[in-house]
Structures are given as C-alpha cells and as structure tokens.
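The values are calculated or read from the model by the stated rules, or taken from the named source; none is laboratory data. Just so it is clear, the structure is predicted and the values come from calculations on it, not from any experiment. Ideal geometry is used to build each Cβ from the backbone, glycine not excepted, and the neighbour counts take in all protein chains shown.
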Amino acid sequence: QGGNSSVGEQVYPFSLVSDELSLIGNRLREMVVSEVPKLALAAEYFFEMGVEGKRFRPTVLLLMASSLNVSLPESVPDPVINFSSDLRTRQQRIAEITEMIHVASLLHDDVLDDADTRRGVRSLNILMGNKLSVLAGDFLFSRACVGLASVKDPEVFSLMSAAIEHLVAGEIMQMTSTSEDLFSMDQYMRKTYYKTASLIANSCKSIAILAGQTTEVAMLAYDYGRNLGLAYQLIDDVLDFTGTSASLGKGSLSDIRNGIITAPILFAIEEFPELREVINQGFDDPKNVDLSLEYLGKSRGIQ
Ligand code: GRG
C-alpha cells in the first residue's frame, strides 16, 4: 500500500485509493469506540495498524465507486477521489461497513474453528477468550447496522442484510455438510458463494445503486463481485493447500485438519481416489491422518 501508484507498466490498485483506505482505517477505529473498556479493546483488535489485514473488500469497493461514478457530471475535476463528496462519502460508508462485517465474521469464525492464529498474530479468542470474542463480533455487527442506517437507502440496507444472513448460511452449510455435499464441487461453489462471495457481490451492487446506475449496471456490479469473491475464496483455499505456515499466518492444510473439504482437496481426490475413503473414515484414527496427509503431500508436490 501507499507510495507510487505505478512502477513501470504495473499499477497497484491499493495505491489508487490509499488515501481513502487510511481514512477508512481511522473511521473503523472511531466506529468501535465503546464506554465498556474491555469491549472497545476487543473490538478494535483487528483494526489496529499491523493487524488490519489486506483491506481487499474496501479496495475493490472504492475502485468500483471510481469506475461507476465517472458517468455522473463531467465538471468534477478528479474522478478517482473527489467526485461528489456526498456520494463518495456514502460509498466509503459501504466500504467501512463491509470491512466491519467481514472482521465480525472472522471473530466468530475463529471461535467456531477454535483457531489460535489470525493475520499472523494470536486470535482474539486465544487472547481474551471465546465469550468476549463472540460478544465483540456481535458489537461490530450492531455498529455496522448503525453505519448502514446512516447511508439512508432501503435497497442497500436489505442487500447488505442479506449478505450478513448469507455468511451465517455459508458457515452452517460448512458445518452440516453430508458426506455427499462435502465431495461435490457444486456444493462447494454454493457454500463459497454464501460464505465469501455474497458479501462482495452485494456490497459492489450497493456501490452501483448509490451511484445512481441502472438496474442492469447494478446487476453487472453484482456479478463482478460474485465472481471476484468466488475466485478469491478459491485462491484462499488453494493457498491453504500449497502454502507454508510461515507464509499463511496460520497452519497450512488447516481446512482438511478441521474436516473442511475445499476445491483443491476435491482435485486431489480426483488424482488419488483412495483419499476419499480415508477422509470418509475420519481423522480420529492417527493412521488415517498420516495416510491422508501423505496423499495430500504427494498431490501438493505435483501441482
Ligand atoms: C454472525 C453474521 C455472522 C456470521 C458468522 C462465522 C461466520 C458466520 C462466517 C464466517 C465466514 C468466513 C470466515 C468466510 C471466510 C472469508 C475469507 C476469504 C476470509 C479471509 O479474508 P481475507 O483474506 O482476510 O480478506 P484479511 O485478514 O486480509 O481481512
């Protein structure tokens, strides 16, 4: 982030909106102020400098705003940042709220998965306990709702609310998958839409609606966000499979260790059909754990 927006031919998307991203970082820290000190401490944990994450969602949304707002009056000098300050401010709210919902879901996710690391540091559930982590996530959701109300657009409110519901649905799909679901690529894509892509799709659509774009353009923004979100989660799942603990900021192969079957595992099963049987038999038996890690290790060596 920061610095020149281009080096040679390459343009870094983050630097096109780096000033706005730091504004959003400040706003997020302001939005989680609470008179209950322990809650404020917990809620701001993943908004601190150094553990703020990649800010992928706000970056996409700000860039989407830049590309869609340009069809509004031509007199405005800088289409990237200073388009119409009121419109741009409302779109910044969407970027902040989206990031806040994302962080809230990470807090809950780490409790559900009993994760000990997040963003390369100790997860909040390890640091302050599961109960405080859940409550901090709830607090962030309620602050996100307050932010959403300030945007004053009922359609955007319902799109973003649906995205929150989809996060829950995706997580439940992941938790309650039958063996057939687990080994189905279709089901994997469905779960991935709910768990990851819906939030990006619906927030992109919200940016288009606020820009006053037609229903057709808003749907294109939605499709763009949906496809980007699906690709993002696929890459995240591949990295869990191919990365090392040091590069990931968490243990590698953590999905399979948690009983979660992702696309790369499905592809590994195509290569080693015996792996399906081993996974089916469960990881309670250390022999199965060793055997499946051996298959996965071979598969990882091939790609
Ligand atoms: C109570 C509304 C509510 C939700 C709870 C736990 C849960 C339901 C949903 C979790 C969904 C989840 C964890 C999806 C994973 C999405 C994902 C790709 C996370 C990693 O995103 P990055 O790489 O992370 O953008 P950083 O750390 O950079 O922000």
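Please find, among LEU68, LEU72, the residue that is surrounded by 15 or more Cβ atoms within 10 Å (Cβ to Cβ), over 30 Å from ILE256 (Cα atoms), modelled with pLDDT under 90 and more than 9 Å from the ligand (Cβ to nearest atom). Break it down into steps so the answer makes sense when it comes.
Numbers: LEU68 fails: modelled with pLDDT under 90.
The match here is LEU72.
Out of everything in segment 104-128 that is under 21 Å from THR196 (Cβ atoms), of a type in the set (A, V, I, L, M, F, W, C) and surrounded by fewer than 23 Cβ atoms within 10 Å (Cβ to Cβ), what residue ends up being farthest from the ligand (Cβ to nearest atom)?
ALA115
Scan segment 164-179 residue by residue and report those that are more than 14 Å from the ligand (Cβ to nearest atom) and either among the small types (Gly, Ala, Ser) or surrounded by 18 or more Cβ atoms within 10 Å (Cβ to Cβ) (or both).
In the first step, residues of segment 164-179 are kept if they are more than 14 Å from the ligand (Cβ to nearest atom); the result is 177-179.
Result: SER177, SER179.
Between LEU210, LEU182, which is touching a residue at least 60 places away in the same chain (Cβ under 8 Å), under 29 Å from GLN281 (Cβ atoms), away from the ligand (no atom under 15 Å from the Cβ) and buried (at least 18 other Cβ atoms within 10 Å of the Cβ)? I'd like the intermediate steps shown before the answer.
Values: LEU210 fails: under 29 Å from GLN281 (Cβ atoms).
That would be LEU182, the only listed residue that is touching a residue at least 60 places away in the same chain (Cβ under 8 Å), under 29 Å from GLN281 (Cβ atoms), away from the ligand (no atom under 15 Å from the Cβ) and buried (at least 18 other Cβ atoms within 10 Å of the Cβ).
Please find, within segment 213-234, the residue that is nearest to the ligand (Cβ to nearest atom) out of those that are assigned to a helix (DSSP H, G or I) and in contact (Cβ under 8 Å) with a residue 60 or more places away in the chain. Full working, then the answer.
In the first step, residues of segment 213-234 are kept if they are assigned to a helix (DSSP H, G or I); the result is 215-234.
From the residues that got through so far, the ones that are in contact (Cβ under 8 Å) with a residue 60 or more places away in the chain too are 217, 221, 224-225, 228, 232.
On the way: VAL217: 25, ALA221: 19, TYR224: 17, GLY225: 13, LEU228: 11, TYR232: 6 Å.
Per the criteria, the residue is TYR232.
Only one of ASP237, ASP186, ASP181 is farther than 27 Å from MET160 by Cβ and either among the acidic types (Asp, Glu) or part of a loop (DSSP other than H, G, I, E, B) (or both); which? Outline the logic, then answer.
Values: ASP237 fails: farther than 27 Å from MET160 by Cβ; ASP186 fails: farther than 27 Å from MET160 by Cβ.
Answer to the selection: ASP181.
Wholly within segment 6-69, which helices (runs of 4 or more DSSP H) include no fewer than the required count, namely at least 2 residues that are farther than 23 Å from LEU148 by Cα?
Numbers: elements: 13-16, 18-31, 37-43, 56-69.
So the answer is 13-16, 37-43.
Taking segment 142-163 only, how many residues are more than 19 Å from LEU61 (Cα to Cα) and within 12 Å of the ligand (Cβ to nearest atom)?
Residues flagged as more than 19 Å from LEU61 (Cα to Cα) and within 12 Å of the ligand (Cβ to nearest atom) within segment 142-163 amount to 1.
State the number of residues belonging to segment 129-153 that are under 13 Å from ILE94 (Cα atoms), in a helix (DSSP H, G or I) and more than 20 Å from the chain's Cα centre (by Cα).
4
Give me the residue from segment 133-186 that is at pLDDT below 95 and of a type in the set (S, T, N, Q) and, out of that set, farthest from GLU270 (Cα to Cα).
SER150
Regarding VAL168, is this residue out of contact with any strand residue (DSSP E or B) (no Cβ under 7 Å at 6 or more places or on another chain), part of a helix (DSSP H, G or I) and within 29 Å of ALA263 (Cβ to Cβ)? Please lay out each step first, then the result.
Working: out of contact with any strand residue (DSSP E or B) (no Cβ under 7 Å at 6 or more places or on another chain): yes; part of a helix (DSSP H, G or I): yes; within 29 Å of ALA263 (Cβ to Cβ): yes.
It is true that VAL168 is out of contact with any strand residue (DSSP E or B) (no Cβ under 7 Å at 6 or more places or on another chain), part of a helix (DSSP H, G or I) and within 29 Å of ALA263 (Cβ to Cβ).
Could you figure out which of (1) more than 27 Å from GLY120 (Cα to Cα); (2) modelled with pLDDT of 75 or more; (3) outside any helix (DSSP H, G or I) isn't true of ILE260?
Every condition holds for ILE260 apart from (1).
Could you list, in sequence order, the residues of segment 93-119 that are assigned to a loop (DSSP other than H, G, I, E, B) and either under 19 Å from ARG57 (Cα atoms) or modelled with pLDDT of 95 or more (or both)?
Matches in segment 93-119: ARG119 only.
Name the pairs: first residue in segment 18-33 and of a type in the set (S, T, N, Q), second residue surrounded by fewer than 18 Cβ atoms within 10 Å (Cβ to Cβ) and outside any helix (DSSP H, G or I), Cβ to Cβ under 9 Å, at least 6 apart or on different chains?
Here the result reads SER18/GLN1; SER18/GLY2; SER18/GLY3; SER18/SER5; SER18/TYR12; SER22/GLN1; SER22/GLY2, each pair linking segment 18-33 to a residue that is surrounded by fewer than 18 Cβ atoms within 10 Å (Cβ to Cβ) and outside any helix (DSSP H, G or I).
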